Amino acid sequence: MTTISHLSAARLHRAAELQTNIEALQAELANVLGGTPSPVVAETAVAPPAAVAAPVAAETAVAPPAAAAAPVAAAPKKGQLTAAGRAKIIAASRAYWAMVRAGAKATAAKPIAAKAPAKQKGAISPAGRAKLVAIAKARWAKNKASGKSQL
């Protein structure tokens, strides 16, 4: 667990809010169950919310604390789609495949034109090949004359 001195001001403020919410919920639970609230040792010096300091007459009408009344909507995690975004993708996919199927039926009756054979890339001319053969034969003759059995 990190020490308080290493936390930022925003994190300390959030921790204080959570602590007051916990205290308010414990007090409310004690009121509902008819007992006394258990003492909570808080590490922060924050005054309890107004719901805890309510008069005894308000015990009969239990009101939720302010934090529970208005929950904060969490933003979707990074990389997750919302339902609306997913619906858009599904609709676009269905439209695409409907177009492909409609296009495939219309083009099925057309004869497919024969493609010209593609020109071979990197082919060597007969003259170039003859030149390389002559160079290789000269290299082999030189090595044979010098008595080498391997190149």
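What follows draws every value from the coordinates through simple rules; no lab data is involved. From a predicted model like this one, the values you see are computed outputs, not experimental measurements. Quick reminder, even Gly has a Cβ in these numbers, built from the backbone with ideal geometry, and neighbours come from all protein chains shown.
Computed FRET efficiency, Cβ-Cβ of Ala118 and Ala84, R0 35 Å: what is it to the nearest 0.05?
According to the calculation, E is roughly 0.15.
From the backbone phi of the range 81-97, what are the Karplus-calculated ³J(HN,Hα) couplings (6.51 cos²θ - 1.76 cosθ + 1.60, θ = phi - 60°) in whole Hz, Gly and Pro given as x?
Calculated HN-Hα couplings, in order: 8, 7, 5, 5, x, 5, 4, 4, 5, 5, 5, 5, 5, 5, 5, 4, 5 Hz.
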